[in-house]
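Input: a single structure, listed below in structure tokens.
Laboratory data are not the source of any read-out in this text; all were calculated from the coordinates shown. All values derive from a computational prediction rather than experimental measurement. Glycine gets a Cβ as well: all are built from the backbone with ideal geometry, and neighbour counts include every protein chain shown.
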Amino acid sequence: MLKLVLIIAAILAVCMLLLTVNIWLRGGEFRSQHIGQSKEMRRRGIHCVQSMDAMERKEYKSKAERLKSMNPCSSYATQAAD
């Protein structure tokens, strides 16, 4: 049983050593995992959730302003409510 635990510990140690060597060979940095910085995601038109939410809010606000300016009764409705 102890022999099995030592073998498993040795295998894990070798794996960890190989992972650290891989990191050192890359210059100590990982590639960015952020969606907005991925070339493939940008090519497909996929953005991070925060950027997409900001774009949709901006689009919704501009549509709401256009509809409000097209409807002449909207200013009377707000005055009548007062």
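Enumerate the helices in the chain for which the Kyte-Doolittle hydropathy averages 0.5 or more and the C-alpha atoms extend at least 27 Å along the helix's axis, using complete DSSP H runs. Don't jump to the answer; show the numbers that get you there.
Values: long enough: 2-25 (35 Å, 2.57); 49-70 (31 Å, -1.30).
Those that clear 27 Å and a mean of 0.5 are 2-25.
Report, in deg cm²/dmol and to the nearest 500, the calculated mean residue ellipticity at 222 nm for the chain, where each DSSP H run with n ≥ 4 adds -39500 (n - 2.57) and the sum is divided by the residue count. Intermediate results must be reported in sequence, preceding the final value.
Values: 4 runs with 61 residues, N = 82.
So the helix-based figure for the chain works out to -24500 deg cm²/dmol.
Return the loop-located GluC sites (Glu not before Pro) in region 1-66 (DSSP other than H, G, I, E, B) with at most 10 other Cβ atoms within 10 Å of their own Cβ; answer none if there are none. Numbers along the way, then the final one.
Working: sites: E29, E40, E56, E59, E65; in loops: E29.
Answer by residue number: E29.
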